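S.K.: Please find one structure pasted underneath; my questions will follow.
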Amino acid sequence: MKRVFSGIQPTGNIHLGNYLGALRQFVDLQKDNECIYCIVDMHAITVPKDPETLKKNIMDVAALYLAIGIDPDKSIVFVQSDVPGHAELSWILTCSSYTGELSRMTQYKQKSKMQESAPTGLFMYPVLMAADILLYDTNIVPVGDDQKQHIELTRDLAKRVNGKYGEDTFVIPEGRYMKSGARIMSLDDPSSKMSKSAENEYSRIQLLDSPSKIKKSIMRATTDSEGIIRYDVENQPGLANLLNIYSVVTEKPVEDIVKEYDGKGYGALKKDLAEILIESLAPIQKSYNDIRNSDELKRILADGAEKANAIAEKTVKRVKDNFGLGNRF
Ligand code: AQP
């Protein structure tokens, strides 16, 4: 059995990109692997957060994890800051990383631009992410396309440490990306990815959106003035994004959808896509509402933290031994 690890930030507004790019694979991977799914709250504070909102968002993500089909009897579900090993390993890895490689990270460059002095947490984000993954001797990391660079950095750090401190220090993980859906674009600007923090709420479909919000977002989605339905990412990126979403959700090939809507216009495609999304998100929303306020949720997270901690402690001990740290060998 392979070990799978991934996480999502409790920053609210979990959207279709998060679902189709990452969360969807979390469920499938449970069948044949030992899965560990984390709510990465320490990543969320790289940008200051209101404590009450953060607490609520953590429980929201936990409920969503279960609502989409993550089974706590099969997978470990827990909150990152409940396991001290993440912070501990993050420091050890920091000492093997370089400012040059961290400043080349695209996400850091995007999030820190326009700021005279960027928050250090934002800069260190990829090292904490590497610690999250390496702490569990992870083999597979299911993530969206936008995380490829961070996964490569994790692999580089692990190999660098292994070369210096012993090949048994870290297991080298691999990223797992969806063939389709790995990058869902924003509905109002198809040149950037769909994102939780975008100001315009109609730029994304959130998993808990009402039917009317879903309809509005899709009907308003940016397309083009060509008026011809075809899949052309370069010249008709907005339409291509809608076709992509349609294809991933219905599991129909894009070419079949293009044929089906030939001559029908964008309006018909958008109307049907909105209905499809409303229908496919309804069961997730129903289970979410059943689970969100149950006492069971806290128990599942406490149980998950205990199991995660048991694995993490062993890794931290091994890594500290290899580095010559501590006095409890
Ligand atoms: N648009 C996307 N398409 C496909 N996958 C995506 N992911 C995010 N956006 C898309 C994947 O979702 C997982 C969880 O993401 P996260 O919450 O840890 O962080 P993120 O990538 O920073 O998400 P957002 O929505 O883009 O948030 P903001 O706006 O705060 O930056 C990851 O596996 C990610 O690849």
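The values are calculated or read from the model by the stated rules, or taken from the named source; none is laboratory data. Fair warning: this is a prediction, and the values are worked out from it, not measured in the lab. All Cβ positions, glycine included, derive from the backbone under ideal geometry; neighbour counts span all protein chains shown. Quick note on the areas: whole protein, heavy atoms, side chains included, nothing else; ligands and nucleic acids left out. Shrake-Rupley method; radii C 1.70, N 1.55, O 1.52, S 1.80 Å.
S.K.: Give me, ordered by chain and number, the residues 5 or more places off Val79 or on other chains with an amide H under 5 Å from its own placed amide H.
M.R.: Residues meeting the criterion, in which the H sits 1.01 Å from N, are Ile39, Ala305.
S.K.: Further question: Pick from Arg24, Arg155, Arg318 the residue whose mean-square fluctuation is largest in a GNM of the chain, springs joining Cα atoms under 10 Å.
M.R.: It is Arg318.
S.K.: Moving on to the next point. Which whole-number value in Å² is the accessible area per residue of the chain, probe 1.4 Å?
M.R.: Dividing the accessible area of the chain by its residue count gives 49 Å².
S.K.: Using the Karplus curve 6.51 cos²θ - 1.76 cosθ + 1.60 with θ = phi - 60°, work out ³J(HN,Hα) for each residue of the range 125-138 in order, rounded to whole Hz, and write x for Gly and Pro.
M.R.: 2, x, 6, 5, 5, 4, 4, 3, 6, 6, 4, 10, 6, 6
S.K.: Which of the peptides 114-123, 179-188, 69-78, 164-173 is most tightly packed, and how do the rest follow, judged by the mean count of other Cβ atoms within 10 Å per residue?
M.R.: Packing proxy ranking, top to bottom: 179-188, 69-78, 164-173, 114-123.
S.K.: Set the Förster distance to 25 Å, then compute FRET efficiency between Val27 and Val233 from the Cβ-Cβ distance, nearest 0.05.
M.R.: 0.35
S.K.: In whole Hz, what ³J(HN,Hα) sequence does the range 68-74 give by Karplus (6.51, -1.76, 1.60; θ = phi - 60°), x for Gly and Pro?
M.R.: In residue order, the calculated couplings are 7, x, 6, 9, x, 7, 9 Hz.
S.K.: Another question, then. If you average over every viewing direction, what projected area does the convex hull of the Cα atoms of the range 201-288 give, in nm²?
M.R.: Value for the range 201-288: 5.5 nm².
S.K.: Just report the Cα centroid separation between the range 154-212 and the range 255-314, whole Å.
M.R.: Centre-to-centre (Cα) distance: 17 Å.
S.K.: If I take the Cα coordinates of the range 262-329 and project them onto the principal axes, what are the three extents in Å, biggest first?
M.R.: 72, 35, 11
S.K.: Report the one residue of Thr250, Ile214, Gly238 whose Cα lies farthest in the direction of the positive end of the charge dipole of the range 201-288 (charges on C-beta: Lys and Arg +1, Asp and Glu -1; origin at the Cα centre).
M.R.: After comparing all options, I get Ile214.
S.K.: Moving on to the next point. Using alpha-carbon positions, what is the distance between the centroids of the range 240-254 and the range 118-149, in Å?
M.R.: Cα centres, the range 240-254 to the range 118-149: 29 Å.
S.K.: Mind checking the alpha-carbon convex hull of the chain and giving the volume per residue in Å³?
M.R.: Per-residue hull volume (Cα only) is 147 Å³.
S.K.: Taking the DSSP beta bridges in the chain as the whole, what percent of them are antiparallel, to the nearest 5?
M.R.: Approximately 10 percent, going by the DSSP bridge assignments.
S.K.: At 1.4 Å probe size, with the rest of the protein present, what percent of the exposed accessible area of the range 201-288 is carbon and sulfur atoms?
M.R.: The computed percentage sits at 50.
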